[in-house]
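Reading through the structure tokens given below for one structure.
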Ligand SMILES: [Zn+2]
């Protein structure tokens, strides 16, 4: 499979456009025409991970954290330059799936929730999409041609469905007055015409184009149409929230999570004996969402990278926090391997998860 095909399949599941605007996802190093001979999933593309790919003769690394993130000034030996040079010298490609994998309904947060044993998990903060419902009032005889042409222009499609219209008949009335050049009717006489209200959906960025084509295709001098702004919840978003298998104390939960995630340290804030039945999780650095999680009914907010003052604020506000370290996101390596196997349906033989520890911290 060519890299372009791999990127296209990935994009169907975890659209690159769903990543945060500050993020850097997609093919960071590589060639879309290159054949993919294998995939190695990793949390961070470190020097050792590149060596692992070389040893395993795998030419494509998919990492969660983008190696190239801030402005790169040079790619010289030393620091990140050494890793980038080693990738290029060995013809190894690097793809980053970062916040687009975080917000995916089966992504990093779902993987963490599963490992922690959260049941009935739902997206903590579903993303919404804005769109327009368009309604156009048009004489019946022009309806079919209007719909056909709007459909040809790519409007009125929804997922895998095209030609998504709804029509209702009614009587339209108007009186052309001085200066009018009516398509139907006489000057200064009330005209009643059987019209059809044609409704369809368009994306936000299609409005100007839709307005242009409505004006161009409508037989009336002054077409009647409305754009009604609407929003819908998407089945992707940040974090997960759900029930613990059974009510437990905060301390017992923190301890169980340490075992389930196999991590060397877990910290928590709040009364160790507080009873917990509902938990929210955001992998990486999710601080800032603890109040929102609490409002949605979570008894504890689980994330990484919690700073002293965030913890103190939470304690004073009465929110329970569990810090699982940023590195707990390593669960995405096996999780993404399983997703890729499912998405690629055998088109790439060799899909492996790196098991190198890339946690920059040592623990004593
Ligand atoms: Zn992260």
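The values are calculated or read from the model by the stated rules, or taken from the named source; none is laboratory data. Model, not experiment: these values are computed from the prediction. Here Cβ is always computed from backbone atoms with ideal geometry, including for glycine, and neighbour counts include all displayed protein chains.
If the condition is being part of a helix (DSSP H, G or I) and either without any contact (Cβ under 8 Å) to a residue 40 or more places away in the chain or more than 29 Å from the chain's Cα centre (by Cα) (or both), then the range 89-109 contributes only 89. Within the range 111-145, restricting attention to residues that are crowded, with 21+ Cβ neighbours inside 10 Å and in a helix (DSSP H, G or I), the residue that is nearest to the chain's Cα centre (by Cα) is 111. Checking each residue in the range 53-69 for being surrounded by fewer than 21 Cβ atoms within 10 Å (Cβ to Cβ), within 16 Å of the ligand (Cβ to nearest atom) and in contact (Cβ under 8 Å) with a residue 40 or more places away in the chain picks out 68, 69.
All of 50, 72 fail the test of being part of a helix (DSSP H, G or I) and more than 16 Å from the ligand (Cβ to nearest atom), apart from 50. Looking only at strands (runs of 3 or more DSSP E) that fall completely inside the range 270-364, which ones have 2 or more residues that are at pLDDT 95 or above and within 16 Å of the ligand (Cβ to nearest atom)? Qualifying strands (runs of 3 or more DSSP E): 300-303.
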